[in-house]
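Notes to accompany the following structure.
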Amino acid sequence: MIPVECEFESEVLAATLQGRWPDRVDADLRAHVAACAICSDVAAIAGVIEDAREEMSAYAVIPDSGRVWWLAQVRARREAAEAANRPMTAAQAIAFVCAVGLLGACFRAASTWFHSVLGRITSGMAGYDIDASLASATRLLAEHGALALAMAAVLFLVPAAVYLAMGRD
Ligand SMILES: [Zn+2]
């Protein structure tokens, strides 16, 4: 069976990439590489890669750090502007329509309820029976208190939910 890895492989690779191969390594390691097929392959390939890297970095023009920073700033600003101008997605539009419909239904229910309460109070007052009208109003509030609370919750929660849905990317 042909071995596929060797315990000295990483050592040979490190020495080659650090430019220590073949002159500045232990004689033992050099002897091992000469005898080991895996390590000699590693040394040969890493040596070629390292030579190519040195050659490329000699020709590479590294841009000025100020220019790199400036380009990054321009790009970040452009991306922020694009995100702000992004049109609503279909899901957001549907959520918005649903929320508006729900709000409209709530307003209608609330105004109907308010009119009925007002009608009962004024009819009670028309008979100059303040106690009866107050009792009537109190009973109505008790009856519809839960409804009023639910509506208030919806009125606050729906806009919050829409805002969160719109704000999310
Ligand atoms: Zn080896």
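No value in this document is a laboratory result; all are computed from the given coordinates. These numbers come from a predicted model, not from an experiment. Ideal geometry is used to build each Cβ from the backbone, glycine not excepted, and the neighbour counts take in all protein chains shown.
Some values worked out for this structure:
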| item | result |
| --- | --- |
| Label-to-label distance, nm, for residues given as Ala161 and Glu82 (7 Å Cα→Cβ offset) | 3.3 nm |
| Segment 5-57: trypsin sites (Lys or Arg not before Pro) in DSSP coil with no more than 10 other Cβ atoms inside 10 Å | Arg24 |
| Extension gain from Ala135 to Cys106, taking 0.36 nm per residue of separation minus the Cα-Cα distance | 7.8 nm |
| Estimated dipole of segment 9-59 in Debye, rounded to 20 [Cβ of Lys and Arg +1, of Asp and Glu -1, Cα centre] | 60 debye |
| Dipole magnitude of the chain about its Cα centre (Cβ charges: Lys, Arg +1; Asp, Glu -1), debye to nearest 20 | 1560 debye |
| Lys/Arg +1, Asp/Glu -1 at C-beta; segment 1-75 dipole; positive extreme among Cys6, Ile49, Ile62 | Ile62 |
| Cubic angstrom per residue, convex hull over Cα atoms of the chain | 322 Å³ |
